[in-house]
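The values are calculated or read from the model by the stated rules, or taken from the named source; none is laboratory data. Owing to the predicted nature of the structure, the values given are computational and were not obtained by experimental measurement. Cβ coordinates were reconstructed from backbone atoms using ideal geometry, including for glycine residues, and neighbour counts include every protein chain displayed.
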Amino acid sequence: MKTNDFKHPVFQYIIYCIDGLEYGQDTEKMTIPEKLQFVLNTFRNEKRYEIVRIGEYEAFKDWLMGLPSSINIDYMNYKIIQLAKLWKSIPDNATEKQEKKILTNWFNFITMKFFMLCKKHKVN
């Protein structure tokens, strides 16, 4: 399954990772667009200067790498590799080179898919 297909598990994974508890937000009761807007608003409030300096996409990727509490994306290499294998992005017997490619592109991949979700749900 191509990762541009909204049936791909990465999209559900991103929605699942959204957590507003630290911000007093009950994301469990939010719709998908509300969850996406919550993350986008939190990001924009926290990284306003970076967005102006390097652009929204790059600033969002950097923000994810800082492990924000509003979206709990996996960051440990072994968990990322487990997800890639589960999603059939790499084979179960992946080479070190295949694994390294997944790890190198992880935050870029999640960023791209997050903004695809925002576009689909008309969140901006």
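Annotation: of all residues in the range 75-86 being exposed (fewer than 14 other Cβ atoms within 10 Å of the Cβ) and not hydroxyl-bearing (Ser, Thr, Tyr), the one that is farthest from GLU50 (Cα to Cα) is LEU86. In the range 109-122, is there at least one residue being over 15 Å from the mean Cα position of the chain (by Cα), of a type in the set (A, V, I, L, M) and more than 20 Å from GLU22 (Cβ to Cβ)? No; the residues of the range 109-122 include none that is over 15 Å from the mean Cα position of the chain (by Cα), of a type in the set (A, V, I, L, M) and more than 20 Å from GLU22 (Cβ to Cβ). Considering every residue within the range 13-26, establish whether at least one is under 21 Å from ASN124 (Cα atoms), surrounded by fewer than 17 Cβ atoms within 10 Å (Cβ to Cβ) and modelled with pLDDT under 95. Yes, the conditions are met somewhere in the range 13-26. Highlighted here are the helices (runs of 4 or more DSSP H) found entirely within the range 4-80 that include at least 2 residues which are of a type in the set (D, E, K, R) and either in contact (Cβ under 8 Å) with a residue 24 or more places away in the chain or closer than 19 Å to TRP106 by Cα (or both): 56-65.
When we screen TYR23, TYR13, TYR49 for residues that are over 12 Å from ILE71 (Cα atoms) and either of a type in the set (Phe, Trp, Tyr) or in contact with a Cys (Cβ under 6 Å, 6 or more places away or on another chain) (or both), the only hit is TYR49. Checking each residue in the range 37-74 for being touching a helix residue (DSSP H, G or I) at 6+ places or on another chain (Cβ under 6 Å), surrounded by 15 or more Cβ atoms within 10 Å (Cβ to Cβ) and of a type in the set (Ser, Thr, Tyr) picks out only SER70.
The one condition from (1) closer than 25 Å to LYS122 by Cα; (2) at pLDDT 95 or above that TRP87 does not meet is (1).
Scanning the range 88-111 for residues that are outside any loop (DSSP other than H, G, I, E, B) and polar (S, T, N, Q) yields GLN98, THR104, ASN105, ASN108, THR111.
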